[in-house]
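To keep things clear, I will list the structure first and then write my remarks on it.
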Amino acid sequence: MAITVAPRAGRAEGRIGGMADLGDAPQVHAETVDEWRAWLVEHHATASGVWLVSWKRPTGRPAVPYQEAVEEALTVGWIDATKRSLDDERSAQYFARRKPGSGWARTNKERLVRLEAEGRMLPAGTAVVDAAKADGSWTLLDDVEDLVVPADLAAAFEAHPGALAHWEAFPKSVKRLHLVWLVQAKRPATRATRVEEVARRAAAGERAIR
């Protein structure tokens, strides 16, 4: 049976006595997929996020597999985020409602197609997908996933000698981080600033984003 634990009042997020403090979000310790699904069905419309607490593999105790936990969250329009170690025996994965307008990773889109085909989607999850398709966020990361260099970044590379050569040598993961950073810009001026910074850093062979 899933156990929901209320957060400690007034506790700032951090670590206490070697154990992670998870802040104000509720915690649910579900040992089976059915327990996790039941919690989501009951609380997805009222809670904004939750820490799914699980036993670590070395304990040999039952835990919800990551992939299945993500799939159940997707059925109600939620998504996984950060993961933390609670103590020697337990870890916690944060799940929350998807923010409107946020991009969709291809892996999650593929999961959603399968979940829909299997008849597992719930109305809340379908509504989130429909909204994403309507506002364009459903395809926001398509070019990013394909590592397509946008026209403005290509022009900036040309203006910075060596930028393109370094960019092409960067690992795919580094390229993706930079491209996501660009598409997340809310204003044209912000994007222009980021494009210039990516090109400048690429010319210097720097991989990190400020």
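Taken together, the values in this text are just the output of simple stated rules run on the coordinates, not laboratory data. Quick caveat, the model's predicted, so the values are computed rather than measured. So basically every Cβ, Gly included, is an ideal-geometry build from the backbone, and we count neighbours across all protein chains shown.
Details
- The chain: most fluctuating residue of A96, A38, A159 per GNM, C-alpha cutoff 10 Å: A159
- Computed P(r) (all Cα pairs; the chain; 10 Å bins; percent): 8, 27, 26, 25, 13, 2, 0
- CD proxy at 222 nm, helix term only [per DSSP H run n ≥ 4: -39500 (n - 2.57); per residue of the chain; nearest 500]: -13000 deg cm²/dmol
- FRET efficiency estimate (nearest 0.05) - Cβ-Cβ, E168 to T82, R0 35 angstrom: 0.65
- Normalised by the number of residues in the chain, the average gap of Cα pairs under 8 Å and 6 or more apart makes the relative contact order 14 percent.
- For the options G60, G136, G77, a Gaussian network treatment of the chain with springs between C-alpha atoms closer than 10 Å singles out G60 as fluctuating the most.
- Most mobile listed residue (L182, L52, L140) in the chain, GNM with C-alpha springs under 10 Å: L182
- Unit Cα scatterers, Debye sum, region 142-203: log10 I(q)/I(0) for q = 0.13, 0.27, 0.29 Å⁻¹: -0.28, -1.26, -1.40
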